[in-house]
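What follows is a short report on a single structure.
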Amino acid sequence: MTSRITKSIILISSIAILLTMLLTTMMGNSYSKERTTSGLMQEARLIASSVEMNGIDYLEKTDFGKKSRVTWIADDGSVLFDSTQDEEQLENHSDREEFREAVENGEGSAVRYSGTLMHSTLNYAVRLDDGSVIRVSGMHMSLLAQMMNLTGTMVMILIAVALISVIAARKVSRKIVRPINSIDLEHPKTESGYRELVPLLDKLNTQNIKVRRQMDELQQNRRQFELIVGSMSEGIIIADQKLNVISNNEASLKLLGIDEFNIGQSIYSMNNSDIFRHCVLNALGGIRTECVLEMADRQCEIIASPARRIDMVCGIVVFIMDVTEKYKLDIMRREFTANVSHELKTPLTTIYGISDMLAENMVQPQDIPQFSENIRSETERLISLVNDTIALSKLDEGMIFGEISDVDLYSLAVETVSRLEITAAEKNISMNVSGEHITVRASRNMLNDILYNLCDNAIKYGKDGGSADISLTKSKKGAVLKVSDNGIGIPKDKTDRIFERFFRVDKSRSGKVRGTGLGLSIVKHSVMQLGGSISVESRLGEGTAFTVEIPCE
(Lines give C-alpha, C1' and ligand atoms only; values in the text may rest on other atoms or scores of the structure.)
Protein backbone atom coordinates (compact mmCIF):
# COMPACT_ATOMS: atom_id res chain seq x y z
CA MET A 1 0.00 0.00 0.00
CA THR A 2 2.85 2.39 0.82
CA SER A 3 4.40 1.70 -2.59
CA ARG A 4 1.12 2.38 -4.38
CA ILE A 5 0.57 5.63 -2.50
CA THR A 6 4.15 6.73 -3.28
CA LYS A 7 3.78 5.93 -6.96
CA SER A 8 0.43 7.71 -7.10
CA ILE A 9 1.83 10.87 -5.49
CA ILE A 10 4.82 10.90 -7.83
CA LEU A 11 2.60 10.38 -10.87
CA ILE A 12 0.14 13.09 -9.81
CA SER A 13 2.97 15.52 -9.02
CA SER A 14 4.63 14.88 -12.37
CA ILE A 15 1.39 15.33 -14.30
CA ALA A 16 0.62 18.53 -12.36
CA ILE A 17 4.07 19.96 -13.12
CA LEU A 18 3.82 19.04 -16.80
CA LEU A 19 0.37 20.58 -17.11
CA THR A 20 1.50 23.68 -15.22
CA MET A 21 4.51 24.12 -17.47
CA LEU A 22 2.41 23.52 -20.57
CA LEU A 23 -0.23 26.06 -19.53
CA THR A 24 2.44 28.58 -18.50
CA THR A 25 4.22 28.19 -21.85
CA MET A 26 0.93 28.57 -23.72
CA MET A 27 0.03 31.70 -21.78
CA GLY A 28 3.53 33.13 -22.25
CA ASN A 29 3.41 32.34 -25.98
CA SER A 30 0.02 34.02 -26.30
CA TYR A 31 1.16 37.08 -24.39
CA SER A 32 4.36 37.31 -26.42
CA LYS A 33 2.39 37.05 -29.64
CA GLU A 34 0.09 39.88 -28.58
CA ARG A 35 3.03 42.09 -27.64
CA THR A 36 4.81 41.38 -30.91
CA THR A 37 1.66 42.12 -32.93
CA SER A 38 1.08 45.37 -31.05
CA GLY A 39 4.70 46.44 -31.65
CA LEU A 40 4.46 45.62 -35.35
CA MET A 41 1.23 47.65 -35.63
CA GLN A 42 2.79 50.71 -34.02
CA GLU A 43 5.95 50.33 -36.07
CA ALA A 44 3.93 49.94 -39.29
CA ARG A 45 1.91 53.07 -38.60
CA LEU A 46 5.04 55.05 -37.77
CA ILE A 47 6.88 53.91 -40.91
CA ALA A 48 3.76 54.63 -43.01
CA SER A 49 3.67 58.23 -41.69
CA SER A 50 7.37 58.68 -42.39
CA VAL A 51 7.02 57.31 -45.95
CA GLU A 52 4.07 59.69 -46.55
CA MET A 53 6.33 62.57 -45.58
CA ASN A 54 9.76 61.56 -47.00
CA GLY A 55 9.01 58.93 -49.59
CA ILE A 56 11.38 56.08 -50.43
CA ASP A 57 14.39 58.03 -49.15
CA TYR A 58 13.24 57.26 -45.59
CA LEU A 59 13.14 53.58 -46.29
CA GLU A 60 16.51 53.44 -47.98
CA LYS A 61 18.30 55.46 -45.33
CA THR A 62 16.78 53.73 -42.28
CA ASP A 63 18.29 50.59 -40.74
CA PHE A 64 15.40 48.48 -39.54
CA GLY A 65 17.61 45.76 -38.03
CA LYS A 66 17.15 41.99 -38.25
CA LYS A 67 14.06 41.64 -36.12
CA SER A 68 11.73 43.49 -38.44
CA ARG A 69 11.24 43.28 -42.16
CA VAL A 70 9.74 46.31 -43.92
CA THR A 71 8.15 45.93 -47.34
CA TRP A 72 6.57 48.66 -49.55
CA ILE A 73 4.01 47.19 -51.87
CA ALA A 74 2.38 49.05 -54.76
CA ASP A 75 -1.38 49.04 -55.18
CA ASP A 76 -1.05 46.33 -57.86
CA GLY A 77 0.87 44.04 -55.48
CA SER A 78 4.37 44.55 -56.89
CA VAL A 79 7.13 45.06 -54.31
CA LEU A 80 8.66 48.58 -54.39
CA PHE A 81 11.01 48.08 -51.44
CA ASP A 82 12.10 45.29 -49.05
CA SER A 83 14.52 45.74 -46.18
CA THR A 84 15.92 42.19 -46.32
CA GLN A 85 15.73 41.05 -49.94
CA ASP A 86 16.03 42.42 -53.46
CA GLU A 87 12.58 43.66 -54.39
CA GLU A 88 13.04 42.70 -58.06
CA GLN A 89 13.35 39.02 -57.10
CA LEU A 90 10.19 39.02 -54.98
CA GLU A 91 6.92 37.79 -56.39
CA ASN A 92 3.70 39.80 -56.54
CA HIS A 93 2.06 40.22 -53.11
CA SER A 94 -1.47 40.96 -54.28
CA ASP A 95 -2.66 37.60 -52.95
CA ARG A 96 -1.33 38.17 -49.44
CA GLU A 97 -4.07 38.34 -46.82
CA GLU A 98 -2.68 41.33 -44.95
CA PHE A 99 -2.27 43.24 -48.26
CA ARG A 100 -5.89 42.68 -49.29
CA GLU A 101 -7.21 43.67 -45.85
CA ALA A 102 -5.11 46.86 -45.86
CA VAL A 103 -6.32 47.83 -49.36
CA GLU A 104 -9.93 47.27 -48.32
CA ASN A 105 -9.87 48.49 -44.70
CA GLY A 106 -6.77 50.66 -44.40
CA GLU A 107 -4.99 48.17 -42.16
CA GLY A 108 -4.59 44.41 -42.14
CA SER A 109 -2.75 41.62 -40.42
CA ALA A 110 -1.93 37.95 -41.04
CA VAL A 111 0.06 35.14 -39.45
CA ARG A 112 1.91 32.52 -41.44
CA TYR A 113 3.53 29.40 -39.86
CA SER A 114 6.76 27.91 -41.11
CA GLY A 115 6.98 24.16 -40.35
CA THR A 116 10.64 24.08 -41.28
CA LEU A 117 11.68 26.90 -38.95
CA MET A 118 8.91 26.15 -36.40
CA HIS A 119 8.33 29.93 -36.25
CA SER A 120 5.33 32.09 -37.03
CA THR A 121 5.64 35.27 -39.19
CA LEU A 122 3.45 38.15 -38.01
CA ASN A 123 2.55 40.64 -40.71
CA TYR A 124 0.90 44.03 -40.24
CA ALA A 125 0.07 46.27 -43.22
CA VAL A 126 -1.00 49.95 -43.43
CA ARG A 127 -2.39 51.60 -46.63
CA LEU A 128 -0.89 54.90 -47.73
CA ASP A 129 -2.78 57.76 -49.37
CA ASP A 130 -1.60 56.77 -52.83
CA GLY A 131 -3.01 53.25 -52.41
CA SER A 132 0.33 51.55 -51.76
CA VAL A 133 0.87 49.50 -48.61
CA ILE A 134 3.61 49.47 -45.98
CA ARG A 135 3.98 46.03 -44.39
CA VAL A 136 6.06 45.28 -41.34
CA SER A 137 6.85 41.59 -40.61
CA GLY A 138 8.33 40.04 -37.49
CA MET A 139 9.27 36.56 -36.41
CA HIS A 140 7.53 34.92 -33.43
CA MET A 141 8.59 31.57 -31.91
CA SER A 142 5.84 28.90 -32.03
CA LEU A 143 4.53 27.08 -28.95
CA LEU A 144 6.26 23.84 -29.98
CA ALA A 145 9.57 25.63 -30.46
CA GLN A 146 9.29 27.30 -27.11
CA MET A 147 8.56 23.94 -25.46
CA MET A 148 11.53 22.36 -27.19
CA ASN A 149 13.76 25.18 -25.98
CA LEU A 150 12.49 24.57 -22.46
CA THR A 151 12.98 20.78 -22.62
CA GLY A 152 16.19 20.76 -20.61
CA THR A 153 14.74 23.06 -18.02
CA MET A 154 11.56 20.96 -17.84
CA VAL A 155 13.57 17.76 -17.39
CA MET A 156 15.56 19.30 -14.58
CA ILE A 157 12.41 20.54 -12.93
CA LEU A 158 10.76 17.16 -13.33
CA ILE A 159 13.75 15.38 -11.77
CA ALA A 160 13.76 17.81 -8.87
CA VAL A 161 10.02 17.45 -8.44
CA ALA A 162 10.31 13.66 -8.65
CA LEU A 163 12.97 13.59 -5.92
CA ILE A 164 10.95 15.91 -3.73
CA SER A 165 7.82 13.88 -4.46
CA VAL A 166 9.55 10.61 -3.54
CA ILE A 167 10.66 12.01 -0.20
CA ALA A 168 7.34 13.66 0.47
CA ALA A 169 5.38 10.64 -0.77
CA ARG A 170 7.25 8.25 1.51
CA LYS A 171 6.64 10.41 4.53
CA VAL A 172 3.02 11.05 3.63
CA SER A 173 2.30 7.41 2.75
CA ARG A 174 3.94 6.16 5.94
CA LYS A 175 1.94 8.66 7.92
CA ILE A 176 -1.25 7.54 6.16
CA VAL A 177 -0.51 3.82 6.52
CA ARG A 178 0.86 3.95 10.08
CA PRO A 179 -2.58 4.00 11.80
CA ILE A 180 -3.72 1.14 9.54
CA ASN A 181 -0.62 -0.96 10.24
CA SER A 182 -0.98 -0.34 13.96
CA ILE A 183 -4.48 -1.88 14.03
CA ASP A 184 -4.62 -4.98 16.23
CA LEU A 185 -6.45 -7.45 14.01
CA GLU A 186 -7.19 -9.71 16.97
CA HIS A 187 -8.72 -6.88 19.02
CA PRO A 188 -9.46 -3.99 16.61
CA LYS A 189 -10.39 -0.64 18.14
CA THR A 190 -12.53 1.94 16.36
CA GLU A 191 -10.24 4.76 17.61
CA SER A 192 -7.88 4.23 14.67
CA GLY A 193 -7.80 7.85 13.49
CA TYR A 194 -9.82 7.23 10.32
CA ARG A 195 -13.58 7.48 10.52
CA GLU A 196 -13.82 5.65 7.21
CA LEU A 197 -12.35 2.54 8.86
CA VAL A 198 -14.87 2.41 11.72
CA PRO A 199 -17.43 0.21 9.85
CA LEU A 200 -14.66 -2.12 8.69
CA LEU A 201 -13.20 -2.39 12.20
CA ASP A 202 -16.63 -3.04 13.70
CA LYS A 203 -17.24 -5.80 11.18
CA LEU A 204 -13.75 -7.19 11.75
CA ASN A 205 -14.32 -7.23 15.51
CA THR A 206 -17.63 -9.05 15.02
CA GLN A 207 -15.97 -11.58 12.69
CA ASN A 208 -13.16 -12.14 15.19
CA ILE A 209 -15.65 -12.89 17.96
CA LYS A 210 -17.47 -15.29 15.66
CA VAL A 211 -14.23 -16.95 14.51
CA ARG A 212 -12.98 -17.32 18.10
CA ARG A 213 -16.28 -18.91 19.09
CA GLN A 214 -16.09 -21.29 16.14
CA MET A 215 -12.44 -22.10 16.89
CA ASP A 216 -13.32 -22.85 20.52
CA GLU A 217 -16.10 -25.15 19.35
CA LEU A 218 -13.77 -26.85 16.87
CA GLN A 219 -11.10 -27.31 19.53
CA GLN A 220 -13.66 -28.71 21.94
CA ASN A 221 -15.05 -31.05 19.28
CA ARG A 222 -11.52 -32.10 18.35
CA ARG A 223 -10.65 -32.81 21.98
CA GLN A 224 -13.85 -34.81 22.40
CA PHE A 225 -13.12 -36.71 19.19
CA GLU A 226 -9.53 -37.45 20.27
CA LEU A 227 -10.75 -38.49 23.73
CA ILE A 228 -13.38 -40.81 22.30
CA VAL A 229 -11.12 -42.25 19.61
CA GLY A 230 -8.19 -42.52 22.00
CA SER A 231 -10.23 -44.49 24.51
CA MET A 232 -11.47 -46.94 21.88
CA SER A 233 -10.10 -50.44 21.99
CA GLU A 234 -10.78 -50.62 18.24
CA GLY A 235 -8.30 -49.03 15.88
CA ILE A 236 -9.30 -46.21 13.51
CA ILE A 237 -7.28 -44.76 10.64
CA ILE A 238 -8.30 -41.82 8.43
CA ALA A 239 -6.39 -41.28 5.17
CA ASP A 240 -6.74 -38.82 2.28
CA GLN A 241 -7.03 -39.48 -1.46
CA LYS A 242 -3.28 -40.10 -1.71
CA LEU A 243 -3.57 -42.67 1.14
CA ASN A 244 -1.52 -40.50 3.48
CA VAL A 245 -2.68 -40.90 7.09
CA ILE A 246 -4.22 -37.72 8.53
CA SER A 247 -5.42 -39.21 11.83
CA ASN A 248 -5.19 -42.44 13.81
CA ASN A 249 -5.47 -43.61 17.40
CA GLU A 250 -3.10 -45.59 19.60
CA ALA A 251 -5.23 -48.71 19.33
CA SER A 252 -4.57 -48.92 15.58
CA LEU A 253 -0.80 -48.97 16.17
CA LYS A 254 -1.15 -51.54 18.94
CA LEU A 255 -3.37 -53.84 16.92
CA LEU A 256 -1.10 -53.66 13.85
CA GLY A 257 2.02 -54.13 15.99
CA ILE A 258 3.61 -50.74 15.17
CA ASP A 259 5.96 -49.01 17.62
CA GLU A 260 6.43 -45.66 15.86
CA PHE A 261 4.38 -43.85 13.24
CA ASN A 262 4.15 -40.23 12.08
CA ILE A 263 1.05 -38.53 10.71
CA GLY A 264 1.44 -37.88 6.98
CA GLN A 265 3.05 -41.21 6.17
CA SER A 266 1.46 -43.64 3.73
CA ILE A 267 -1.11 -46.01 5.17
CA TYR A 268 0.91 -48.86 3.65
CA SER A 269 3.72 -48.12 6.11
CA MET A 270 1.34 -49.43 8.80
CA ASN A 271 0.72 -52.71 7.00
CA ASN A 272 1.68 -53.74 3.49
CA SER A 273 0.09 -57.17 3.27
CA ASP A 274 -1.96 -58.17 0.22
CA ILE A 275 -5.18 -58.43 2.25
CA PHE A 276 -4.72 -54.97 3.76
CA ARG A 277 -3.87 -53.43 0.38
CA HIS A 278 -6.92 -55.09 -1.16
CA CYS A 279 -9.24 -53.55 1.47
CA VAL A 280 -7.67 -50.09 1.17
CA LEU A 281 -7.74 -50.01 -2.63
CA ASN A 282 -11.37 -51.20 -2.74
CA ALA A 283 -12.36 -48.46 -0.30
CA LEU A 284 -10.49 -45.87 -2.37
CA GLY A 285 -12.48 -47.11 -5.35
CA GLY A 286 -15.74 -46.50 -3.47
CA ILE A 287 -16.41 -50.07 -2.25
CA ARG A 288 -16.82 -50.87 1.45
CA THR A 289 -14.66 -53.92 2.12
CA GLU A 290 -14.23 -56.27 5.09
CA CYS A 291 -11.44 -58.76 5.59
CA VAL A 292 -9.57 -60.59 8.33
CA LEU A 293 -5.88 -59.93 8.78
CA GLU A 294 -4.00 -62.91 10.19
CA MET A 295 -1.11 -61.84 12.42
CA ALA A 296 1.36 -63.72 14.54
CA ASP A 297 -0.54 -63.50 17.83
CA ARG A 298 -3.97 -62.25 16.81
CA GLN A 299 -6.63 -61.96 14.14
CA CYS A 300 -7.83 -58.48 13.21
CA GLU A 301 -10.97 -57.68 11.27
CA ILE A 302 -10.41 -54.80 8.84
CA ILE A 303 -13.35 -52.67 7.68
CA ALA A 304 -12.34 -50.08 5.05
CA SER A 305 -15.01 -47.57 3.99
CA PRO A 306 -14.82 -44.72 1.45
CA ALA A 307 -15.27 -41.13 2.67
CA ARG A 308 -17.35 -39.32 0.06
CA ARG A 309 -17.89 -35.68 -0.79
CA ILE A 310 -20.93 -35.52 -3.11
CA ASP A 311 -20.03 -38.16 -5.73
CA MET A 312 -16.27 -38.12 -5.20
CA VAL A 313 -14.18 -40.26 -2.84
CA CYS A 314 -12.05 -37.81 -0.85
CA GLY A 315 -10.44 -40.34 1.49
CA ILE A 316 -10.97 -43.58 3.41
CA VAL A 317 -11.76 -44.62 6.98
CA VAL A 318 -10.32 -47.92 8.24
CA PHE A 319 -11.62 -49.65 11.38
CA ILE A 320 -9.54 -52.40 13.00
CA MET A 321 -11.03 -54.80 15.55
CA ASP A 322 -9.32 -57.57 17.47
CA VAL A 323 -11.42 -60.66 16.80
CA THR A 324 -9.00 -63.17 18.29
CA GLU A 325 -11.36 -64.07 21.14
CA LYS A 326 -14.25 -64.23 18.73
CA TYR A 327 -12.34 -66.66 16.55
CA LYS A 328 -11.32 -68.72 19.56
CA LEU A 329 -14.89 -68.80 20.81
CA ASP A 330 -16.09 -69.74 17.36
CA ILE A 331 -13.59 -72.57 17.23
CA MET A 332 -14.60 -73.63 20.73
CA ARG A 333 -18.27 -73.49 19.75
CA ARG A 334 -17.67 -75.70 16.73
CA GLU A 335 -15.59 -78.12 18.77
CA PHE A 336 -18.19 -78.11 21.55
CA THR A 337 -20.99 -78.81 19.08
CA ALA A 338 -19.00 -81.60 17.48
CA ASN A 339 -18.06 -83.11 20.85
CA VAL A 340 -21.58 -82.87 22.26
CA SER A 341 -22.92 -84.49 19.12
CA HIS A 342 -20.36 -87.25 19.43
CA GLU A 343 -20.97 -87.75 23.15
CA LEU A 344 -24.75 -87.85 22.60
CA LYS A 345 -24.50 -90.15 19.61
CA THR A 346 -22.62 -92.91 21.42
CA PRO A 347 -25.13 -93.65 24.24
CA LEU A 348 -28.10 -93.01 21.95
CA THR A 349 -26.74 -95.54 19.46
CA THR A 350 -26.28 -98.07 22.23
CA ILE A 351 -29.79 -97.45 23.59
CA TYR A 352 -31.32 -97.59 20.10
CA GLY A 353 -29.47 -100.83 19.26
CA ILE A 354 -30.60 -102.61 22.47
CA SER A 355 -34.16 -101.29 22.13
CA ASP A 356 -34.30 -102.52 18.54
CA MET A 357 -33.13 -105.98 19.58
CA LEU A 358 -35.70 -106.09 22.37
CA ALA A 359 -38.48 -104.97 20.00
CA GLU A 360 -37.57 -107.70 17.52
CA ASN A 361 -37.39 -110.39 20.27
CA MET A 362 -33.77 -111.01 19.38
CA VAL A 363 -32.65 -111.09 23.03
CA GLN A 364 -32.59 -114.25 25.11
CA PRO A 365 -34.60 -114.00 28.37
CA GLN A 366 -31.51 -114.55 30.47
CA ASP A 367 -29.76 -111.54 28.73
CA ILE A 368 -32.58 -109.06 29.34
CA PRO A 369 -31.30 -107.93 32.79
CA GLN A 370 -27.88 -107.17 31.31
CA PHE A 371 -29.34 -105.21 28.39
CA SER A 372 -31.59 -103.30 30.78
CA GLU A 373 -28.56 -102.39 32.90
CA ASN A 374 -26.81 -101.13 29.75
CA ILE A 375 -29.81 -98.99 28.85
CA ARG A 376 -29.90 -97.52 32.36
CA SER A 377 -26.14 -96.85 32.33
CA GLU A 378 -26.25 -95.08 28.95
CA THR A 379 -29.34 -93.13 30.03
CA GLU A 380 -27.53 -91.94 33.16
CA ARG A 381 -24.64 -90.94 30.93
CA LEU A 382 -27.02 -88.92 28.72
CA ILE A 383 -28.66 -87.25 31.73
CA SER A 384 -25.25 -86.38 33.15
CA LEU A 385 -24.13 -84.92 29.83
CA VAL A 386 -27.31 -82.87 29.50
CA ASN A 387 -27.03 -81.61 33.09
CA ASP A 388 -23.40 -80.68 32.64
CA THR A 389 -24.20 -78.89 29.37
CA ILE A 390 -27.03 -76.95 31.03
CA ALA A 391 -24.73 -76.04 33.93
CA LEU A 392 -22.05 -74.75 31.56
CA SER A 393 -24.64 -72.80 29.61
CA LYS A 394 -25.78 -71.06 32.79
CA LEU A 395 -22.20 -70.35 33.80
CA ASP A 396 -21.46 -68.90 30.35
CA GLU A 397 -24.37 -66.52 30.86
CA GLY A 398 -22.94 -65.40 34.21
CA MET A 399 -25.64 -67.04 36.27
CA ILE A 400 -25.12 -68.30 39.80
CA PHE A 401 -27.49 -71.26 40.15
CA GLY A 402 -28.70 -72.28 43.56
CA GLU A 403 -29.42 -70.18 46.64
CA ILE A 404 -26.68 -68.19 48.33
CA SER A 405 -26.17 -69.42 51.88
CA ASP A 406 -23.52 -70.10 54.49
CA VAL A 407 -21.81 -73.37 53.60
CA ASP A 408 -19.39 -75.36 55.77
CA LEU A 409 -16.78 -76.55 53.26
CA TYR A 410 -15.45 -79.26 55.55
CA SER A 411 -18.90 -80.81 56.00
CA LEU A 412 -19.55 -80.53 52.26
CA ALA A 413 -16.24 -82.26 51.51
CA VAL A 414 -17.11 -85.14 53.90
CA GLU A 415 -20.52 -85.46 52.24
CA THR A 416 -18.90 -85.57 48.78
CA VAL A 417 -16.46 -88.28 49.85
CA SER A 418 -19.34 -90.39 51.17
CA ARG A 419 -21.13 -90.07 47.82
CA LEU A 420 -18.04 -91.33 46.00
CA GLU A 421 -17.17 -94.20 48.38
CA ILE A 422 -18.45 -96.91 46.04
CA THR A 423 -16.64 -95.45 43.03
CA ALA A 424 -13.40 -95.15 45.05
CA ALA A 425 -13.78 -98.68 46.40
CA GLU A 426 -13.92 -100.06 42.86
CA LYS A 427 -10.30 -98.85 42.34
CA ASN A 428 -9.27 -99.45 45.97
CA ILE A 429 -8.57 -95.70 46.42
CA SER A 430 -8.66 -94.22 49.91
CA MET A 431 -10.11 -90.72 50.34
CA ASN A 432 -9.15 -88.43 53.25
CA VAL A 433 -10.49 -85.04 54.38
CA SER A 434 -8.29 -82.86 56.56
CA GLY A 435 -8.19 -79.27 57.75
CA GLU A 436 -10.63 -77.04 59.55
CA HIS A 437 -14.25 -76.08 59.31
CA ILE A 438 -14.49 -72.99 57.13
CA THR A 439 -17.75 -71.27 56.33
CA VAL A 440 -18.17 -69.45 53.03
CA ARG A 441 -21.22 -67.58 51.79
CA ALA A 442 -21.88 -68.88 48.28
CA SER A 443 -24.04 -71.20 46.18
CA ARG A 444 -24.05 -74.67 47.73
CA ASN A 445 -24.82 -76.24 44.35
CA MET A 446 -21.80 -74.64 42.72
CA LEU A 447 -19.49 -75.57 45.61
CA ASN A 448 -20.82 -79.11 45.41
CA ASP A 449 -20.04 -79.25 41.66
CA ILE A 450 -16.49 -78.03 42.33
CA LEU A 451 -15.80 -80.62 45.06
CA TYR A 452 -17.56 -83.49 43.32
CA ASN A 453 -15.80 -83.03 39.94
CA LEU A 454 -12.33 -82.59 41.48
CA CYS A 455 -12.75 -85.66 43.69
CA ASP A 456 -14.28 -87.66 40.84
CA ASN A 457 -11.28 -86.79 38.65
CA ALA A 458 -8.88 -87.83 41.42
CA ILE A 459 -10.58 -91.25 41.46
CA LYS A 460 -10.81 -91.63 37.66
CA TYR A 461 -7.17 -90.89 37.02
CA GLY A 462 -5.77 -92.28 40.27
CA LYS A 463 -3.79 -95.48 40.49
CA ASP A 464 -5.35 -98.65 41.87
CA GLY A 465 -4.60 -98.77 45.58
CA GLY A 466 -3.76 -95.06 45.62
CA SER A 467 -5.21 -92.16 47.56
CA ALA A 468 -7.11 -88.89 47.11
CA ASP A 469 -6.67 -86.19 49.77
CA ILE A 470 -8.89 -83.14 50.37
CA SER A 471 -7.49 -80.41 52.63
CA LEU A 472 -9.10 -77.14 53.79
CA THR A 473 -7.14 -74.15 55.09
CA LYS A 474 -7.71 -70.45 55.55
CA SER A 475 -5.93 -67.63 53.74
CA LYS A 476 -6.14 -63.84 53.80
CA LYS A 477 -8.56 -63.92 50.89
CA GLY A 478 -10.76 -66.79 52.01
CA ALA A 479 -10.86 -70.57 52.01
CA VAL A 480 -8.27 -72.73 50.26
CA LEU A 481 -9.44 -76.12 48.99
CA LYS A 482 -6.79 -78.57 47.78
CA VAL A 483 -7.57 -81.89 46.09
CA SER A 484 -4.54 -84.06 45.33
CA ASP A 485 -3.92 -87.59 44.11
CA ASN A 486 -1.00 -89.86 43.29
CA GLY A 487 -2.37 -90.88 39.91
CA ILE A 488 -1.11 -90.81 36.35
CA GLY A 489 -0.43 -87.05 36.29
CA ILE A 490 -0.66 -84.56 33.41
CA PRO A 491 2.08 -83.68 30.89
CA LYS A 492 3.33 -80.10 31.17
CA ASP A 493 2.31 -79.22 27.62
CA LYS A 494 -1.28 -80.27 28.34
CA THR A 495 -1.73 -78.54 31.72
CA ASP A 496 -3.14 -75.31 30.20
CA ARG A 497 -5.77 -77.20 28.19
CA ILE A 498 -7.31 -79.47 30.81
CA PHE A 499 -10.07 -76.93 31.55
CA GLU A 500 -11.23 -76.95 27.92
CA ARG A 501 -14.53 -78.64 27.21
CA PHE A 502 -14.27 -82.31 26.18
CA PHE A 503 -10.46 -82.16 26.28
CA ARG A 504 -8.79 -85.48 27.08
CA VAL A 505 -5.12 -85.73 27.97
CA ASP A 506 -4.99 -89.32 26.74
CA LYS A 507 -7.62 -89.87 24.07
CA SER A 508 -6.86 -93.58 24.02
CA ARG A 509 -8.23 -93.80 27.57
CA SER A 510 -11.36 -91.70 26.85
CA GLY A 511 -13.43 -94.80 26.12
CA LYS A 512 -12.29 -96.53 29.32
CA VAL A 513 -12.86 -93.54 31.61
CA ARG A 514 -16.45 -92.71 32.17
CA GLY A 515 -17.59 -89.09 32.23
CA THR A 516 -18.75 -86.26 29.99
CA GLY A 517 -15.43 -84.43 29.61
CA LEU A 518 -17.03 -81.24 31.01
CA GLY A 519 -16.18 -81.63 34.70
CA LEU A 520 -13.06 -79.48 34.92
CA SER A 521 -14.62 -76.87 32.64
CA ILE A 522 -17.57 -76.63 35.06
CA VAL A 523 -15.11 -76.37 37.97
CA LYS A 524 -13.19 -73.49 36.38
CA HIS A 525 -16.30 -71.51 35.42
CA SER A 526 -17.89 -72.05 38.83
CA VAL A 527 -14.76 -70.88 40.66
CA MET A 528 -14.55 -67.78 38.46
CA GLN A 529 -18.26 -67.07 38.96
CA LEU A 530 -17.74 -67.19 42.74
CA GLY A 531 -14.84 -64.73 42.44
CA GLY A 532 -12.17 -67.28 43.23
CA SER A 533 -9.14 -68.76 41.49
CA ILE A 534 -7.90 -72.23 40.56
CA SER A 535 -4.44 -73.59 39.83
CA VAL A 536 -3.00 -77.01 39.06
CA GLU A 537 0.30 -78.72 39.77
CA SER A 538 1.09 -82.08 38.22
CA ARG A 539 3.92 -84.45 37.51
CA LEU A 540 3.57 -87.19 34.97
CA GLY A 541 3.32 -90.56 36.71
CA GLU A 542 3.36 -89.00 40.21
CA GLY A 543 0.04 -87.28 40.63
CA THR A 544 -1.91 -84.04 40.35
CA ALA A 545 -3.02 -81.36 42.84
CA PHE A 546 -5.80 -78.81 42.24
CA THR A 547 -5.85 -75.72 44.48
CA VAL A 548 -9.02 -73.61 44.66
CA GLU A 549 -9.22 -70.35 46.60
CA ILE A 550 -12.73 -69.05 47.31
CA PRO A 551 -13.56 -65.79 49.12
CA CYS A 552 -15.56 -66.26 52.30
CA GLU A 553 -18.06 -63.58 51.23
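The values are calculated or read from the model by the stated rules, or taken from the named source; none is laboratory data. Because the structure is predicted, anything quoted here is derived from the model rather than measured. So basically every Cβ, Gly included, is an ideal-geometry build from the backbone, and we count neighbours across all protein chains shown. With ligands, DNA and RNA removed, areas are computed over all heavy atoms of the protein, side chains included. Shrake-Rupley method; radii C 1.70, N 1.55, O 1.52, S 1.80 Å.
Structural remarks
- Residue satisfying all of: in the range 1-19; of a type in the set (V, I, T) and either surrounded by 12 or more Cβ atoms within 10 Å (Cβ to Cβ) or outside any helix (DSSP H, G or I) (or both); modelled with the highest pLDDT among these: I12
- Among the residues of the range 323-354, those that are of a type in the set (A, V, I, L, M, F, W, C) and either at pLDDT below 75 or under 16 Å from V292 (Cβ atoms) (or both) comprise V323, L329, I331, M332, F336, A338, V340, L344.
- The listed residues are A413, A424, and the only one of them that is open to solvent by less than 30 Å² (accessible area, probe 1.4 Å), in contact with a helix residue (DSSP H, G or I) (Cβ under 9 Å, 6 or more places away or on another chain) and either within 14 Å of F546 (Cβ to Cβ) or of a type in the set (D, E) (or both) turns out to be A413.
- Residue selected from the range 273-310 under the condition of a type in the set (V, I, T) and farther than 15 Å from I238 by Cβ, by the criterion nearest to the chain's Cα centre (by Cα): I310
- Taken over the range 41-89, residues that are loosely packed, with under 11 Cβ neighbours inside 10 Å, part of a helix (DSSP H, G or I) and touching a residue at least 12 places away in the same chain (Cβ under 8 Å) amount to 1.
- Of the residues screened, R135 is not one that is part of a helix (DSSP H, G or I), modelled with pLDDT of 80 or more and crowded, with 16+ Cβ neighbours inside 10 Å.
- Considering residues of the range 404-415 that are in a helix (DSSP H, G or I) and in contact (Cβ under 8 Å) with a residue 40 or more places away in the chain only, the residue nearest to the chain's Cα centre (by Cα): L409
- Flag if N249 is within 16 Å of V317 (Cβ to Cβ) and open to solvent by less than 50 Å² (accessible area, probe 1.4 Å): yes
- Some residue of the range 9-26 being on the phi < 0 side of the Ramachandran plot, touching a strand residue (DSSP E or B) at 6+ places or on another chain (Cβ under 9 Å) and touching a residue at least 40 places away in the same chain (Cβ under 8 Å): no
- Qualifying residues in the range 300-322 (those that are touching an Asp or Glu at 6+ places or on another chain (Cβ under 9 Å) and among the acidic types (D, E)) - the one nearest to I287 (Cα to Cα): E301
- Checked against (1) more than 19 Å from R45 (Cβ to Cβ); (2) modelled with pLDDT under 85, E91 passes all but a single condition, namely (2).
- Matching residues, the range 90-100, being over 15 Å from V126 (Cα atoms) and either open to solvent by less than 80 Å² (accessible area, probe 1.4 Å) or among the polar types (S, T, N, Q) (or both): L90, N92
- Any chance S30 is touching a Leu at 6+ places or on another chain (Cβ under 9 Å), part of a helix (DSSP H, G or I), open to solvent by less than 50 Å² (accessible area, probe 1.4 Å) and without any contact (Cβ under 8 Å) to a residue 60 or more places away in the chain: no
- Matching residues in the range 431-449 - criterion: being open to solvent by 60 Å² or more (accessible area, probe 1.4 Å) and of a type in the set (D, E, K, R): E436, R441, R444
- Listed by position, the strands (runs of 3 or more DSSP E) enclosed by the range 266-339 include none that has at least 3 residues that are in contact (Cβ under 8 Å) with a residue 40 or more places away in the chain, open to solvent by 90 Å² or more (accessible area, probe 1.4 Å) and within 24 Å of V229 (Cα to Cα).
- I246 touching a residue at least 24 places away in the same chain (Cβ under 8 Å) and more than 15 Å from S305 (Cα to Cα): yes
- Condition met for D274 (closer than 29 Å to D311 by Cα and of a type in the set (D, E, K, R)): yes
- Some residue of the range 383-395 being surrounded by 11 or more Cβ atoms within 10 Å (Cβ to Cβ), touching a helix residue (DSSP H, G or I) at 6+ places or on another chain (Cβ under 7 Å) and either over 20 Å from D456 (Cβ atoms) or modelled with pLDDT of 70 or more (or both): no
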